[in-house]
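Everything below concerns the one structure shown next.
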């Protein structure tokens, strides 16, 4: 295994911020996570049509804002006009779409860790997104407070050319873990593998852990149903509501295990 930062992964990572209690992928959701005592978050980043990196999941605006249309056709000035909080509740009315720079500034000021997922829209460039995001990420947070992940292997491969494993921990995102998971991880000098918790089995989980990789699962929200996954060696659960797992999740593993 290549040298990786000594990341102390928490058992619980707040999915898109504390998204059960605040509008996902917003500054408010990250603040809520911090205030609730959960100091790692998973967030999504993609580019607006003018090339500005923003924290946003969907290719469209409809689900999480008062706007409509494609994110790829939006400029920053237009994005600033959207209300991205009122859909969740009146308490968040007036929340604005966060740029990557704003989010990284907040994470840095709070000393939080982030699993940042590169979201590659249809007909968008994976390398362009990596080129925009990686320098900002490396300049804002220490390696011990970040994991960069994506379903897009070309994005991760390009990211790896921009920084080695000691500077940029990479997480390989999958739905179900493929047979060729290990060559993929080795080629990227990956730190971790992230998979759908409902598609993981004990045998594959132990293979991943025995090979020295960290194993993260998304998005369990039923602590009782997830209990056995801890016994398989899963390091972290990326969940909408970490507070539901309080007192159930085991303590974190020490780094280097």
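When Rg and the Kirkwood radius Rh are both evaluated on Cα atoms of the range 6-45, their ratio Rg/Rh stands at 0.97.
Considering only 220, 23, 183, the Gaussian network model of the chain with Cα springs below 10 Å gives its largest mean-square fluctuation to 183. Ordering 195, 239, 174, 161 by the number of other Cβ atoms within 10 Å of each residue's own Cβ, fewest first, gives 161, 174, 195, 239. When every Cα-Cα distance of the range 12-245 is counted in 5 angstrom steps from zero, the calculated P(r) takes the values 1, 7, 15, 18, 20, 18, 13, 6, 2, 0 percent.
Note on the range 1-146: the C-alpha convex hull projects to 9.1 nm² when averaged across all orientations. Between the alpha-carbon centres of the range 101-175 and the range 48-79 there is a gap of 19 Å. In the calculated pair-distance distribution of the range 65-122, the portion above 19 angstrom amounts to 45 percent of the Cα-Cα pairs.
Of the residues 153, 193, the one with the fewest other Cβ atoms within 10 Å heads the list, and the complete ranking is 153, 193.
The mean sequence separation of alpha-carbon pairs under 8 Å and at least six residues apart, normalised by the residue count of the chain, gives a relative contact order of 22 percent. Comparing mean-square fluctuations of 110, 100, 188 from a GNM of the chain with C-alpha springs under 10 Å, the top value falls on 110. Across q = 0.17, 0.29 Å⁻¹, the range 21-77 modelled as identical point scatterers on its alpha-carbon atoms has Debye log10 I(q)/I(0) values of -0.59, -1.17, in the order of the q list. In terms of other Cβ atoms within 10 Å, 146, 112, 97 run from fewest to most in the order 112, 146, 97. Over all orientations, the range 132-181 has a Cα convex hull whose mean projected area works out to 3.8 square nanometres. With the Kirkwood sum run over all distinct C-alpha pairs, the range 212-251 has a hydrodynamic radius of 10.3 Å.
Throughout, read-outs are computed from the coordinates displayed, never taken from laboratory work. All figures in this text were calculated on a predicted structure; none of them were measured in a lab. Glycine also receives a Cβ, built like all others from the backbone with ideal geometry; neighbour counts cover every protein chain displayed.
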